[in-house]
1. Residue by residue through the range 79-111, note down the ones that are exposed (fewer than 15 other Cβ atoms within 10 Å of the Cβ) and assigned to a strand (DSSP E or B).
2. Go through (1) within 17 Å of Gly104 (Cβ to Cβ); (2) not in a helix (DSSP H, G or I) and name the single condition His37 misses.
3. Would you check if there is a residue in the range 83-101 being under 14 Å from the mean Cα position of the chain (by Cα), in contact (Cβ under 8 Å) with a residue 60 or more places away in the chain and within 13 Å of Val125 (Cα to Cα)?
4. Does at least one position in the range 64-78 carry a residue that is surrounded by 11 or more Cβ atoms within 10 Å (Cβ to Cβ) and in a helix (DSSP H, G or I)?
5. Name the single residue that is nearest to Leu120 (Cα to Cα) among those in the range 35-77 being among the basic types (Lys, Arg) and touching a residue at least 12 places away in the same chain (Cβ under 8 Å).
6. Could you list, in sequence order, the residues of the range 83-106 that are closer than 15 Å to Val56 by Cβ and β-branched (Val, Ile, Thr)?
7. Mind listing whichever residues of the range 12-69 are within 30 Å of Val129 (Cα to Cα) and aromatic (Phe, Trp, Tyr)?
8. Do you know which residues across the range 9-39 are surrounded by 14 or more Cβ atoms within 10 Å (Cβ to Cβ), touching an Asp or Glu at 6+ places or on another chain (Cβ under 9 Å) and either assigned by TED's automatic domain parsing to the domain that holds Val74 or not polar (S, T, N, Q) (or both)?
Amino acid sequence: MRVYIPCIYVLNKIDQISLEELDVIYKIPHCVPISAHHRWNFDDLLEKLWDYLQLVRIYTKPKGQLPDYTSPVVLPHRKTTVEDFCMKIHKNLIKEFKYALVWGSSVKYNPQKVGKDHVLEDEDVIQIVKK
């Protein structure tokens, strides 16, 4: 059985080519030109990695505090329900789960009260309320 996975070609040393050549490289699919020496275009590489890996960042918000944007909980694209989030934190958390408050693009209102089947989107903020 063969399994195909997406790849990204990272082309280094763009500091040594012309702008015309760089324009040609940008048209190549699955390709990110960088200069490791000058640290050019690392943001574009990071953005493409997130897109290709299809990871979702969920930020936590403890009750009465500001959201913690420094260390998100990272979930695979296909497992982004509130229940999946709780299981990633701790398997007993879902047993004590009452509801969650969510801020972000997955809800109509900020915050919105949701259940364990709610699907979270990239960069949502969540606060778990226990029984």
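The values are calculated or read from the model by the stated rules, or taken from the named source; none is laboratory data. Just so you know, these numbers come straight off a predicted model, no measurement behind them. Cβ sites come from the backbone with ideal geometry, for glycine too, and all protein chains shown count toward neighbours.
1. Lys98
2. Only one criterion is unmet by His37, namely (1).
3. No: the range 83-101 contains no residue that is under 14 Å from the mean Cα position of the chain (by Cα), in contact (Cβ under 8 Å) with a residue 60 or more places away in the chain and within 13 Å of Val125 (Cα to Cα).
4. No, the range 64-78 contains no residue that is surrounded by 11 or more Cβ atoms within 10 Å (Cβ to Cβ) and in a helix (DSSP H, G or I).
5. Here is the first cut: in the range 35-77, the residues among the basic types (Lys, Arg) are 39, 48, 57, 61, 63.
With the extra rule that they be touching a residue at least 12 places away in the same chain (Cβ under 8 Å), the set shrinks to 48, 57, 61, 63.
Working: Lys48: 21, Arg57: 9, Lys61: 14, Lys63: 19 Å.
The qualifying residue nearest to Leu120 (Cα to Cα) is Arg57.
6. Ile89, Val102, listed by residue number.
7. Correct list: Trp50, Tyr59, Tyr69.
8. Across the range 9-39, the qualifying residues are Ile14, Val32, Pro33, Ile34.
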